[in-house]
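The values are calculated or read from the model by the stated rules, or taken from the named source; none is laboratory data. Just so it is clear, the model here is predicted, and its values are computed rather than measured. Heads up, the Cβs are rebuilt from the backbone with ideal geometry, glycines too, and the neighbour counts pull from every protein chain shown. When the accessible area is computed, the model is the full protein with side chains, heavy atoms only, and any ligands, DNA or RNA have been set aside. Shrake-Rupley method; radii C 1.70, N 1.55, O 1.52, S 1.80 Å.
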Amino acid sequence: MITDILQSIFTFNDKEPLLFTQFYFWAFFAVVMAILCLIGNRLLLRNAFLFAVSLFFYYKTSGIFIVLLLFAIIASFIIGRKIAQMQKGWRQNVVLSIGIVINLAVLSYFKYAYFIADMLNNMFGIELEVVDYFALIGNSIAGDNYFRADIIMLPVGISFFTFQCISYLMDLYRERIRPVKNILDYGFYVSFFPQLVAGPIVRANEFIGQLYKPYALSRRHFGIAVFWIMNGLAKKIILSDYIAVNFIDRIFANPTMYSGFENLTALFGYSLQVYADFSGYTDIATGVALLMGFYLPKNFNSPYKAPNAGNFWKRWHMSLSRWLQDYLYISMGGNRNASFGTYAVIATIAVVGTVLSGNIWVAVIILTLATVLTIAVILRPDKKKLITTNINSMNTMLLGGLWHGASWNFMIWGGLNGIGMVIFKMWKPLGIYVRVIVIGIIFALSYWAANRTSLPVWNMAAVWIGAIAVGTTVRALYNLCRIPFQMQWAERAWSITQTFVFITFTRLFFRSGSNLDPAEANEIAWNTAKDMVHQIGSHWNVSLIPEMTLHYANIFALIIIGMIIHWLPDRTKRRYRIWFAQMPLTLMAIVVVAIIFVVYQFVTADLQKFIYFQF
């Protein structure tokens, strides 16, 4: 009996990964906190202990892939020391490049092996099969077929700890930080368990300084930490898992079995689900880290309050956005110029797009656009900054899409977000009357296409563009009649609504390819997206909407409540957060028990993994 209990505690079970929503995690965390209290401010011992428990946490989450994490830690630590010891010059550049290539090669092997195999098979007419060589090595060592070698499983959190290793190497190279003193400290930085498997991405210059600070936690910070944990659990279990299991997952599994109204509401519900899931993880991670005396960077800032697509990416997954901006966008030239890296990325995207779509015209279109823009820069040097900024922004978003996975749907999703950012930059400087003319022409074309072709996608476009045209015309009428516009709040609400609708529809491609085997993601994701567009854009039986609304009343109520809370003013949220943090401890304990009781009324039969575990 005792042996079975110990085995369940200390061995990996792929069907029961260690999640924040499990009682086992909170028992584990209680033990960690108790030992930390005994260790006190003996910093090396504290860091070594937290490194050890982080490795245990990752083992309970990912099993044998702990070897991969250790490899990333050891390789980056050694290369980092070499970079710190060398003078500026080509030798240091070579060592940095080796470090980045090693990290990206491991990431690419596990994340893009199927794509690379398909590309080589299509290019050379061969039949290359994907094999997990790490599994073969493990089987050879174990002397048995313990691991499956015919399929590559994506290690949980590999993108996050890989990016943290690259951040360390880049920050050393740029002399933003000093090298970490020993591998135990560095291992702790890379593997810190609250944010290890789903972020936020902790950059070296933001976290390494905390390795050498003594423990400090004020009474107010304790209350804030508890608030974030409760907030995250409520988001994850009530606003994410419950509406996913009881509504959203069913629609996405077979869109054609449901009406256009159900498909549309599921799509908007998914926007809330993915936010509640991901930001819920971040909230819990932030609270857990704060109780241990460490601060994680802010990862979300009410993203659905964004008035445009560019602002959305300053609010959503902020740690990834900053990482891409600092280490990718700026490295390509940022808003200064187009570099060799810019054109290398364009060529890569052309190849990737061709392989994923199976159509050479994708490469032709991408390369033609790049050529036209290059000529435009030469002929109009006064527009160079605008054009190169947009090219680098688009490249960054496309690579951000591919970071989520090598499938056509992720590339479309990233591309749509990039297009949204570029269009806003072009739209913003236009005068109000020019906007009316432009949007009027676009609406007329979409309306003509909808009537000419009867394709659902054009029906959707005509409705949405028509709504934008109406709003733009109303704003122009105020100007024409010389009436002072006193409703800036309405204008901002309109911008936020349009951005939310745009972001939600890009999520159609994001959600369709999630949770799929990489070998079949392209086909299934495309068919799912196509079926949902068909259902949403086809004729609706409006008379059935009241009945369906009543049928899903509980789900719709949760979605509405979730969005209302999300759209509350920041000062209101800050007030009730501080009010909670300053409660007497006895009252706080009673409130926490009440919250946990309510939250676990919504627990589904099977605890759902966090969505971003797969990235």
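Among the residues of the range 302-328, which ones are part of a loop (DSSP other than H, G, I, E, B) and of a type outside the set (S, T, N, Q)? Listed by number, the residues that qualify are A306, P307, W313, K314, R315, W316, H317. Checked against (1) in contact (Cβ under 8 Å) with a residue 60 or more places away in the chain; (2) in a helix (DSSP H, G or I), A589 meets all criteria but (1). When the residues of the range 25-60 are filtered to those that are polar (S, T, N, Q) and over 26 Å from the mean Cα position of the chain (by Cα), which remaining residue is least open to solvent (accessible area, probe 1.4 Å)? Going through the qualifying residues, I end up with N47. Only one of the numbered conditions (1) at pLDDT 90 or above; (2) surrounded by fewer than 20 Cβ atoms within 10 Å (Cβ to Cβ) is violated by V226, and that is (2).
Among the residues making up the range 96-138, those that are farther than 21 Å from L68 by Cβ and not small (G, A, S) are L96, D118, M119, L120, N121, N122, M123, F124, I126, E127, L128, E129.
Filtering the range 429-473 to residues that are closer than 17 Å to E491 by Cα, free of Cβ contacts under 8 Å to residues at least 12 places away in the same chain and open to solvent by 70 Å² or more (accessible area, probe 1.4 Å) leaves P429, V470.
Residues in the range 406-428 that are open to solvent by 10 Å² or more (accessible area, probe 1.4 Å) and outside any helix (DSSP H, G or I) were compared, and the one that is farthest from L328 (Cα to Cα) is K428.
Looking only at residues in the range 541-561 that are touching a Ser or Thr at 6+ places or on another chain (Cβ under 9 Å) and not hydroxyl-bearing (S, T, Y), the one that is surrounded by the most Cβ atoms within 10 Å (Cβ to Cβ) is I559.
When the range 274-296 is filtered for residues that are open to solvent by less than 10 Å² (accessible area, probe 1.4 Å) and outside any helix (DSSP H, G or I), the ones remaining, listed by number, are M292, F294.
The set of residues from the range 321-347 being aromatic (F, W, Y), at pLDDT 75 or above and open to solvent by 50 Å² or more (accessible area, probe 1.4 Å) is empty. If I ask for residues that are within 27 Å of F597 (Cα to Cα), at pLDDT below 90 and of a type in the set (A, V, I, L, M), which ones from the range 245-267 would you list? Listed by number, the list holds a single entry, V245. Among residues of the range 348-393 being open to solvent by less than 70 Å² (accessible area, probe 1.4 Å), among the aliphatic types (A, V, I, L, M) and at pLDDT 75 or above, the one that is nearest to F115 (Cα to Cα) is I391.
Quick test for you: out of N246, N263, N299, pick the one residue that is over 23 Å from F502 (Cβ atoms) and either in contact with a helix residue (DSSP H, G or I) (Cβ under 6 Å, 6 or more places away or on another chain) or assigned to a helix (DSSP H, G or I) (or both).
Working: N263 fails: over 23 Å from F502 (Cβ atoms); N299 fails: over 23 Å from F502 (Cβ atoms).
It is N246.
Residues in the range 521-543: is at least one touching a Gly at 6+ places or on another chain (Cβ under 9 Å), modelled with pLDDT of 90 or more, not in a helix (DSSP H, G or I) and not acidic (D, E)? No, the range 521-543 contains no residue that is touching a Gly at 6+ places or on another chain (Cβ under 9 Å), modelled with pLDDT of 90 or more, not in a helix (DSSP H, G or I) and not acidic (D, E).
A single member of I79, I102, I73 is open to solvent by less than 20 Å² (accessible area, probe 1.4 Å) and at pLDDT 90 or above, and it is I73. Within the range 562-575, the set of residues being open to solvent by 90 Å² or more (accessible area, probe 1.4 Å) and in contact (Cβ under 8 Å) with a residue 12 or more places away in the chain comprises just one member, W567.
Yes/no matrix, rows are residues, columns are (1) hydrophobic (A, V, I, L, M, F, W, C); (2) under 22 Å from the mean Cα position of the chain (by Cα):
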| position | (1), (2) |
| --- | --- |
| L239 | yes, yes |
| M257 | yes, no |
| A266 | yes, yes |
| Y275 | no, yes |
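When the residues of the range 158-198 are narrowed to those that are out of contact with any Gly (no Cβ under 8 Å at 6 or more places or on another chain) and among the small types (G, A, S), which ends up nearest to L18 (Cα to Cα)? Residue satisfying both the conditions and the ranking: S191. Taking residues in the range 69-89 that are charged (D, E, K, R), and partners anywhere that are surrounded by 13 or more Cβ atoms within 10 Å (Cβ to Cβ) and part of a helix (DSSP H, G or I), the pairs with Cβ atoms closer than 7 Å and at least 6 places apart or on different chains are K82/V95. What pairs come up if the first residue lies in the range 249-274 and is under 16 Å from E547 (Cα atoms), the second is of a type in the set (G, A, S) and surrounded by fewer than 22 Cβ atoms within 10 Å (Cβ to Cβ), and their beta carbons are under 8 Å apart, counting only those six or more places apart or on different chains? Listed by first residue and then by second, the contacts come to G260/S538. When each of N246, N263, N231 is tested for being over 30 Å from Q582 (Cβ atoms), open to solvent by 10 Å² or more (accessible area, probe 1.4 Å) and out of contact with any Gly (no Cβ under 6 Å at 6 or more places or on another chain), the lone residue that passes is N246. With the checklist (1) buried (at least 23 other Cβ atoms within 10 Å of the Cβ); (2) within 30 Å of F29 (Cα to Cα) in hand, flag the one item G269 doesn't pass. For G269, the failing item is (2).
The single residue among S240, S191 that is hydroxyl-bearing (S, T, Y) and touching a Ser or Thr at 6+ places or on another chain (Cβ under 7 Å) turns out to be S191. In this entry, K111 passes the filter for residues that are at pLDDT 80 or above, of a type in the set (D, E, K, R) and within 20 Å of C165 (Cα to Cα).
Among the residues of the range 173-186, write down those that are open to solvent by less than 10 Å² (accessible area, probe 1.4 Å) and out of contact with any Leu (no Cβ under 8 Å at 6 or more places or on another chain).
Looking only at the range 173-186, we keep the residues that are open to solvent by less than 10 Å² (accessible area, probe 1.4 Å), and these are 180, 185-186.
The one that is open to solvent by less than 10 Å² (accessible area, probe 1.4 Å) and out of contact with any Leu (no Cβ under 8 Å at 6 or more places or on another chain): Y186.
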